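Q: I am attaching a structure below and will ask some questions about it afterwards.
The values are calculated or read from the model by the stated rules, or taken from the named source; none is laboratory data. This is a predicted model, so every value here is computed, not measured. Backbone-built Cβ (ideal geometry, glycine too); neighbour counts: all protein chains shown.
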Amino acid sequence: MSPRCCVATFRTTASPSEAVSEAGLAHLERALPQFRRDSLARPLRNDQVHSLVTVGNLIDLVHSLAAQHRTEATPMKMEIEPRGPC
């Protein structure tokens, strides 16, 4: 799993208003290239994490998952059968 797709696995059992732990901040730094812990003016709360994810991060996630699927999946055979006039 590439570091960028790790954001999809970011889960917490803490309440939404609690600050993200040191381990959580380290995970965000690995998963989100644009995230810089030292740029935070105040502690990051769990309910704010989703606002850090960009469209670019989501695109990277989709590409990573698609590449993983291509290497792990068995090729599918699809046949389309005509059903007559529509």
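Q: Among the residues of region 24-44, write down those that are within 21 Å of A14 (Cα to Cα) and of a type in the set (K, R).
A: R30, R37, R42
Q: Which one is nearest to S17 (Cα to Cα), of the residues in region 29-46 that are exposed (fewer than 12 other Cβ atoms within 10 Å of the Cβ) and of a type in the set (D, E, K, R)?
A: Ranking the candidates gives R42 first.
Table: residues versus (1) modelled with pLDDT under 80; (2) within 11 Å of the chain's Cα centre (by Cα).
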position: A23; (1), (2): no, no
position: Q34; (1), (2): no, no
position: D47; (1), (2): no, no
position: T54; (1), (2): no, yes
position: A73; (1), (2): yes, no
